[in-house]
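S.K.: Before I ask anything, here is the structure I am working with.
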4 protein chains.
Amino acid sequence: MSQRKLIIAVIGARDPSPEETGLAEEVGKEIARQGAALICGGLGGTMEAACRGAESEGGITIGVLPGDDPDAANPHVKIPIATGMGYARNVVVVRSAKAVIAIGGSYGTLSEIAYALAGNTPVIGLNTWSVSIDGKQDDSIIYVQSPSQAVKQALELII
Amino acid sequence: MSQRKLIIAVIGARDPSPEETGLAEEVGKEIARQGAALICGGLGGTMEAACRGAESEGGITIGVLPGDDPDAANPHVKIPIATGMGYARNVVVVRSAKAVIAIGGSYGTLSEIAYALAGNTPVIGLNTWSVSIDGKQDDSIIYVQSPSQAVKQALELII
Amino acid sequence: MSQRKLIIAVIGARDPSPEETGLAEEVGKEIARQGAALICGGLGGTMEAACRGAESEGGITIGVLPGDDPDAANPHVKIPIATGMGYARNVVVVRSAKAVIAIGGSYGTLSEIAYALAGNTPVIGLNTWSVSIDGKQDDSIIYVQSPSQAVKQALELII
Amino acid sequence: MSQRKLIIAVIGARDPSPEETGLAEEVGKEIARQGAALICGGLGGTMEAACRGAESEGGITIGVLPGDDPDAANPHVKIPIATGMGYARNVVVVRSAKAVIAIGGSYGTLSEIAYALAGNTPVIGLNTWSVSIDGKQDDSIIYVQSPSQAVKQALELII
């Protein structure tokens, strides 16, 4: 049997703050150092920063794109998957990962968090959404303070 | 040109509380009374209650199903759309509607709220999720107190 | 229980010949006369001709669009379903129908024929693709010579 | 910039003949020897044989699955992508590849050939479908006689 790669998703906005960009790059580095593959939406911003980090440490980077053209992936994606399915590709990013690390947040990120929680995939949050219903905060998202904690938590929850 | 129907989505869980079931049925009735078509995920719980309400007032009910079989729709769906795409069908429910009314909430509902906000589709909430980032509540969801207010708000925001 | 509509798909190219346009319009009329709803890809060419025919006889027309915007449907679509999923929406057209009528043919039409056959949905052909493997023609597509025969065959195979 | 992998798709049935299984395994080997990555539907039969071949030569194997569970991939898939989108995942297999090699054939394979031709992706055929319209065979599929010819043709048409 092939040594199947453990895959961790990094989700976040196309227009992150400088701080979030730094967090994403560091998360990508740490995922690669731990020997896991990184999956993301394949475009710019948070996604590109995470891929850049993983690539710099020799990691595998998978970009699940909304469009039809694999060449639209950011330059640090090694394996571009072209879905042609627009936003519905968010489901694919999440379902393919054993854990999800959310950084900052757009509404696209929120949809991915929701899909992950619906499928019982652990969600680790860095400066990201919190969600409440009936005035009570849902405590399914696990908030951490640093990239290394995020990857550590992800790995502990998977294994 | 065909008189195209104005379509409003009702989203909510498969296992609503009795109160939410009542709200959904009343929202369905009001959508039909206002001459709009109702779109939903086509299954049970909130979806079925909303369809039952719309049907009782002679409305059109569209059910966008996760599975391959149109006959899996609840008995009050007049037009079943079988996507075979699982959770990714949530995108289709939301994109096909001019406004979205969210009742109660599961993680699936949260993903639909996120998709709607990402696409600038108005979201009206009845006892549903609220979302925050950096400690600040996102004020894009418009909360109302009754089914009739929900449909009134939806129509005002569309027209 | 709601009187659920029997749904028949009409599939064909965006750039049909004048003859195919005429066939599609007549098929649409006949579907409506028989009390069935018509589902198609919602755009121009064969799809628009079929919807125009169905509308002229008071039928229900459902357009399952590749893009995000319900208003991109042809003017004879009464119920636009916006998938935002590009070509993958072809699956939805086919899965939602109890029978498929194929007119002329593009590669998109061929993909829809293949999906229908894979799901054991009857395919009725008017001037459309034939497919062979190992030099033997696959006889799953039922070829007819006229729009009225096409709809008659579709209804016989469903009921 | 990351050295992005050239990706070639292998498509074929879950229940291939012994001859087709042998062809698929050899195609997989040759793809890996040429330094390309292999993408397929991730399940058994033709897909598994192709992945087994590629793995035996140290190649990268990507499996785009219809279901929600990455662990449903055949044991020779190194990178499982779980779409949860059923047959619609066929679009993803094809869009992510620069060329498609079709072996034998089921209706699913026919849908993938159609998608590839619709997107101007080269299709190389080994004992697979031929398609005709108006009595004329469509000559877009390039038929070859051996696995090595198939991969050679694929690479020539890409580069």
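The values are calculated or read from the model by the stated rules, or taken from the named source; none is laboratory data. Note that this is a predicted model, so its numbers are computed, not measured. Glycine gets a Cβ as well: all are built from the backbone with ideal geometry, and neighbour counts include every protein chain shown. Please note that ligands, DNA and RNA were not included when accessible areas were found on the heavy atoms of the full protein model with its side chains. Shrake-Rupley method; radii C 1.70, N 1.55, O 1.52, S 1.80 Å.
S.K.: Would you mind telling me which residue in C:GLU25, C:GLU57, C:GLU48 has the biggest mean-square fluctuation in a Gaussian network model of chain C, where springs connect alpha carbons within a distance under 10 angstrom?
M.R.: For chain C, modelled as a Gaussian network with Cα springs under 10 Å, the answer is C:GLU57.
S.K.: Per-residue mean of other chain beta-carbon atoms within 10 angstrom of the beta-carbon, peptide B:134-140?
M.R.: Whole-number average of other-chain Cβ neighbours for B:134-140 is 2.
S.K.: Compute the distance from the alpha-carbon center of region A:18-85 to that of region D:61-99, in whole Å.
M.R.: Cα centroid to Cα centroid, the span is 19 Å.
S.K.: Also, quick follow-up: Any idea what the relative contact order of region D:2-124 is, in percent, if you count C-alpha pairs under 8 Å spaced at least 6 apart?
M.R.: On the way: 296 pairs, mean separation 33.9, N = 123.
RCO, region D:2-124: 28 percent.
S.K.: Divide the volume of the convex hull of the Cα atoms of region A:117-159 by its number of residues and quote the answer in cubic angstrom per residue.
M.R.: Residue-normalised Cα hull volume stands at 70 Å³.
S.K.: Sticking with this one: If Lys and Arg each add +1 and Asp and Glu each add -1, what is the summed charge of the other residues whose beta carbon sits under 12 Å from the beta carbon of C:PRO75?
M.R.: After counting each charged neighbour, the total is 0.
S.K.: Heavy atoms only, probe 1.4 Å: what % of the accessible area of region D:1-94 goes to carbon and sulfur, would you let me know?
M.R.: Numbers: 1330 of 3010 Å².
Its accessible area is 44 percent carbon and sulfur atoms.
S.K.: In Å² (nearest 100), what accessible area is buried between D and C, both sides summed, heavy protein atoms only, 1.4 Å probe? Before the final figure, lay out each step's value.
M.R.: Details: alone 7940 and 7920 Å², together 13750 Å².
About 2100 Å² of accessible surface is lost on pairing.
S.K.: In the Gaussian network model of chain A, springs joining C-alpha atoms below 10 Å, which of A:ASP134, A:ASP68, A:ASP15 carries the largest mean-square fluctuation?
M.R.: A:ASP134
S.K.: Using a ≥ b ≥ c from the Cα gyration tensor of region B:37-143 (square roots of the eigenvalues), is it rounded, prolate or oblate, where a/c under 1.5 gives rounded and otherwise the larger of a/b and b/c decides, a/b for prolate?
M.R.: prolate
S.K.: Distances from A:GLY35 to the same residue in each other copy, label points 7 Å out along Cα→Cβ, in nm, shortest first?
M.R.: Here A:GLY35 shows inter-copy label distances of 2.8, 6.7, 6.7 nm.
S.K.: Further question on the same structure: Can I get the semi-axes of the protein assembly as shown's equivalent ellipsoid? Compute them from the C-alpha gyration tensor as square roots of 5 times the eigenvalues, in angstrom, largest first.
M.R.: 37, 36, 17
S.K.: Could you tell me the calculated FRET efficiency between B:ARG14 and D:LEU157, based on Cβ-Cβ distance and R0 = 30 angstrom, to the nearest 0.05?
M.R.: 0.05
S.K.: With a 1.4 Å probe and all protein chains left in place, how much accessible area per residue does region D:3-93 have, in Å²? Could you put the intermediate results ahead of the total?
M.R.: Numbers: 2830 Å² over 91 residues.
Result: 31 Å² of accessible area for each residue.
S.K.: Between C:ALA37 and residues 5 or more places away or on another chain, which pairs have amide H atoms under 5 Å apart, with H built 1.01 Å from N, and which residues are they?
M.R.: Those lying under 5 Å, H to H, from C:ALA37 are C:LEU6, C:ILE7, C:ILE8.
S.K.: Keeping every protein chain in place, order B:LEU110, C:LEU155 by accessible area at 1.4 Å, biggest value first, i.e. largest first.
M.R.: Details: B:LEU110 0, C:LEU155 30 Å².
The ordering from most to least exposed comes out as C:LEU155, B:LEU110.
S.K.: Could you work out which residue, out of D:TYR143, D:TYR107, D:TYR115, moves most in a Gaussian network model of chain D, that is, has the largest mean-square fluctuation with Cα springs under 10 Å?
M.R.: Checking each option, the largest mean-square fluctuation is seen for D:TYR107.
S.K.: Mind checking A:96-107 for the average number of partner chain beta-carbons within 10 Å of each residue's beta-carbon?
M.R.: So the per-residue partner count for this stretch is 3.
S.K.: Using only the Cα atoms of region D:1-94, build the gyration tensor, take square roots of its eigenvalues as a ≥ b ≥ c, and label the shape rounded, prolate or oblate: rounded if a/c is under 1.5, else prolate if a/b is larger than b/c, else oblate.
M.R.: Note, shape of region D:1-94 comes out oblate.
S.K.: So in chain C, what percent of DSSP beta bridges are antiparallel if you round to the nearest 5?
M.R.: Numbers: 2 of 23 bridges.
In chain C, approximately 10 percent of DSSP beta bridges are antiparallel ones.
S.K.: Could you give the size of the charge dipole of the protein assembly as shown about its Cα centre, using +1 on the Cβ of each K and R and -1 on the Cβ of each D and E, expressed in debye and rounded to the nearest 20?
M.R.: Numbers: 48 positive and 68 negative charges, 0 e Å.
For this selection, approximately 0 debye.
S.K.: For peptide D:50-60, what's the mean number of Cβ atoms from other chains within 10 Å of each residue's Cβ?
M.R.: Details: counts 0, 1, 1, 0, 1, 3, 0, 0, 0, 0, 5.
For this peptide, the per-residue mean of nearby foreign Cβ atoms is 1.
S.K.: Solvent-accessible area of D:LEU117, probe 1.4 Å, all protein chains present, reported in Å² to the nearest ten, please.
M.R.: Counting only protein heavy atoms, D:LEU117 exposes about 10 Å² to solvent.
S.K.: Here is a further query. Tell me which of B:GLY86, B:ILE133, B:ALA114 sits at the most positive position along the dipole axis of region B:84-159, charges placed on C-beta atoms (Lys, Arg +1; Asp, Glu -1).
M.R.: B:GLY86
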